[in-house]
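Single-structure report; data block below.
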Amino acid sequence: METSTTPFLAGGTELTTSISTYTINEKIAEGSFGAIFKVTEKSTGTRLVLKAELPGSPSNDLRIELVTMLRVFRSYVPEVTDKGVFNGTKFLIMPLFGKSLEDIIGALPGNKCSLSTAIGSLYQCLEAIELSIGPTICTGI
């Protein structure tokens, strides 16, 4: 397992909320504002993702992301199933979707997707942005 800058969220750590108890399995990504972990819901064995804001982060990115996700109801937007604070770290729990778009495109010949796939993906991204911030900003794009 990879070492995390959030050591209290290391593999094997149990995290209990008012909804469920989760076991942290491994870190799968980390950026400047947070980290993403694979977790297992203890009672059901369901594999999920925990998205955590790094301790002391001056950002409200996780809160903004939560508000956006709650406003956008589409199949490509994950549903937040749990949220909370653990040892001073804010986190969200959501379904594990599978490979990222970057991983999928990276596995394609020439690391490229077709023009129609690119346009379809762009359309979905613009639709999600429009739904989250309102139509007036995206009008005319």
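Below are the figures for this structure:
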| read-out | value |
| --- | --- |
| Simple label model, 7 Å out from Cα along Cβ direction - Cys113 to Thr81, nm | 2.5 |
| Relative packing of 110-117, 35-42, 22-29, which averages over residues the other C-beta atoms within 10 Å, highest first | 35-42, 22-29, 110-117 |
| Residue pairs, from the table Lys27/Lys112; Lys42/Lys99; Lys83/Lys112, whose Cα atoms sit over 29 Å apart | Lys83/Lys112 |
| Projected label distance in nm at Ala29 and Tyr123, using a 7 Å step from Cα toward the beta-carbon | 2.4 |
| FRET efficiency for Lys42 and Leu96, using Cβ-Cβ distance with R0 set to 25 Å, rounded to 0.05 | 0.95 |
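Where a number appears in this text, it was derived from the coordinates with a stated rule and is not lab data. Being a predicted model, the structure only gives us computed values, none of them experimental. Cβ sites come from the backbone with ideal geometry, for glycine too, and all protein chains shown count toward neighbours.
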